[in-house]
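The structure appears below as structure tokens.
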Amino acid sequence: MDLIDILKTKKIGDEVRVEGWIRNHRRQKEFGFIDFYDGTSFETLQIVYDKTNANFDEIQKMLVGCAIIVDGKLVESSGNQEYELKASNVLLVGECDETYPIQPKRHTQEFLRSVAHLRPRTRLFQAVFKIRNLAAYAIHEYFQSHNYVYVHTPLFTTSDCEGENQMFKVTTLDLENINKNEDGKVDYKADLFGKPTFITGTGQLHGEAYAMAFKKIYTFGPTFRTENSNTKTHANEFWMIEPEIAFCDLEGLMDVEEEMLKSIVSYVLKNGEEEIKFLNNFVDKNLKEKLEKLVNSNFVRITHHEAVDLLKKADIKWEFTPDYESDIAKEHEKYITEYYNAPVFITNWPKDIKAWYMKENSDGKTVAAVDLEVPGAGELMGGSQREEDYEKLVKRAENLGVDTELIDWFMDLRKYGSCYHSGFGMGFERLIIYLTGVENIRDVIPFPRTPGNCEY
């Protein structure tokens, strides 16, 4: 029986069987205590055994990490927990010797990254990945309850919003003997797809096609970037949530972003109470307060120009000088969210620093783009109203050197029943960092892929 079900439904006197692992083992001459877990609950169950157990001597030799099956009766506990399990039988299923790296002590996160295949057995990573699980469920629950269709966009693509310089090229060609054409360039005709192909960095373009059929869709899956960055917030493989919504302008998009984020955080607070409590005690002392505050906040909405005005008025010597034509630095994000003491939407960005598919505003200088800045997290979401006018999109693409022939199918969407529409992207791992207080993206991904790291 799963431990989580036992803790929810069973009472003193019930006979139960549990299957799981030893987290700690405290031995006495006549008896012993085992801290037992099975991964279904963040809580552990204390197992008590004594000389009346036929295999007492064998039980005493069982080490931390061993897999066991235990039969017994739930009895009143003399400790902090409601009850403990008085074992009638303890069966060793899988041995674990003294070399086992995960011992009942605090390990550094750097060390645990070196044993990524074993670190989910620690309380820290059980808390983190339980929160990750809850957040993923909450995302699906939000969109499904609001009539969105979940779309699986392709991982292989010949076109991408991000540009080829950030994409992994995929080929079946023999790299030791590559065929060249008359111009001396690689002959892709012999490749599997017959043309240069990449692993996608976004599902947006394909998502827009389905938004024009189902009105509201979302993608939620892995994406890949070749960015050679070794920061705490970047990885080469990560997950993205990308809704695309027909008949939705920028204001409506911000409504969705705010409602969705509050819904996710509320779900995690309600269903991950023990995990949040642990993380609040050992990772971020302000975590629970921070999350509860977000749920109860009114998100602020300002323009990029207003944001720069605010920064220029601040009595601060900036490392990066605020500029009306430039992006906003991390130091600026921090100041803005602290100034308003709430999450902040920054809208109407200079068109020269934003993507070609974003809708140009009537001023001819800005686009209907929005970034959501969250206290303690920085930028959490980025989105825009998409350009729905075919001629305007073609002109914008040409001005920025985008080869529209590669995405003729995408351009077609503006010819056949086009409408105003919007979408945004949110990095899932950035969200998990925010929800757990864990600072490094390497610690919220089961097996992180970062420059120089693909060991598992």
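The values are calculated or read from the model by the stated rules, or taken from the named source; none is laboratory data. Because the structure is a prediction, the values reported are computed rather than measured. Because the Cβ atoms are built from the backbone with ideal geometry, glycine has one as well, and the counts that use them run over all protein chains shown.
Beta carbons closer than 6 Å, at least 6 apart along the sequence or on distinct chains, pair a first residue in the range 190-213 that is free of Cβ contacts under 8 Å to residues at least 24 places away in the same chain with a second that is of a type in the set (A, V, I, L, M, F, W, C) and surrounded by fewer than 21 Cβ atoms within 10 Å (Cβ to Cβ) for Asp191/Leu173.
Residue under question is Leu192, and the condition is that it be among the aliphatic types (A, V, I, L, M) and either in contact with a helix residue (DSSP H, G or I) (Cβ under 6 Å, 6 or more places away or on another chain) or farther than 23 Å from Trp349 by Cα (or both); does it hold? Yes, satisfied.
The set of residues in the range 390-439 being assigned to a loop (DSSP other than H, G, I, E, B) and either outside the structural domain of Gly378 (by TED's automatic domain parsing) or more than 29 Å from His234 (Cβ to Cβ) (or both) consists of Leu413, Arg414, Lys415, Tyr416, Gly417, Ser418, Cys419, Tyr420. Quick one: is Ser114 more than 20 Å from the chain's Cα centre (by Cα) and not assigned by TED's automatic domain parsing to the domain that holds Gly423? Yes; evaluated as a whole, the condition is true for this residue. Take the conditions (1) of a type in the set (Val, Ile, Thr); (2) farther than 26 Å from Ile245 by Cα; (3) assigned by TED's automatic domain parsing to the domain that holds Val268; Val170 misses just one of them, which is (3). Do you know which of the residues in the range 414-455 that are crowded, with 17+ Cβ neighbours inside 10 Å and over 30 Å from the mean Cα position of the chain (by Cα) is nearest to Val295 (Cα to Cα)? Among them, the one singled out is Ser418. Scanning the range 238-268 for residues that are assigned to a helix (DSSP H, G or I) and over 17 Å from Phe428 (Cα atoms) yields Leu250, Glu251, Gly252, Leu253, Met254, Asp255. Looking across the range 232-252, the residues that are among the aromatic types (Phe, Trp, Tyr) and under 12 Å from the mean Cα position of the chain (by Cα) come down to Phe238, Trp239. Note on the range 183-221: residues that are under 20 Å from Tyr142 (Cβ atoms) and either of a type in the set (Gly, Ala, Ser) or not in a loop (DSSP other than H, G, I, E, B) (or both) amount to 12. Within the range 222-237, restricting attention to residues that are in a loop (DSSP other than H, G, I, E, B) and in contact with a Phe, Trp or Tyr (Cβ under 9 Å, 6 or more places away or on another chain), the residue that is farthest from Asp408 (Cα to Cα) is Asn236. The residues of the range 209-234 that are modelled with pLDDT of 95 or more and buried (at least 22 other Cβ atoms within 10 Å of the Cβ), listed by number, are Ala211, Ile217, Tyr218, Thr219.
Here the condition is being under 24 Å from Met254 (Cβ atoms), surrounded by fewer than 19 Cβ atoms within 10 Å (Cβ to Cβ), in contact with a strand residue (DSSP E or B) (Cβ under 9 Å, 6 or more places away or on another chain) and modelled with pLDDT of 95 or more; of Asp327, Asp371, it holds for Asp327 alone. Comparison of Gly32, Gly39, Gly65 shows that the only residue that is assigned to a loop (DSSP other than H, G, I, E, B), at pLDDT 95 or above and either over 37 Å from the mean Cα position of the chain (by Cα) or surrounded by fewer than 16 Cβ atoms within 10 Å (Cβ to Cβ) (or both) is Gly39.
For Gly13, the conditions (1) in contact with a helix residue (DSSP H, G or I) (Cβ under 9 Å, 6 or more places away or on another chain); (2) assigned to a loop (DSSP other than H, G, I, E, B) are fulfilled apart from (1).
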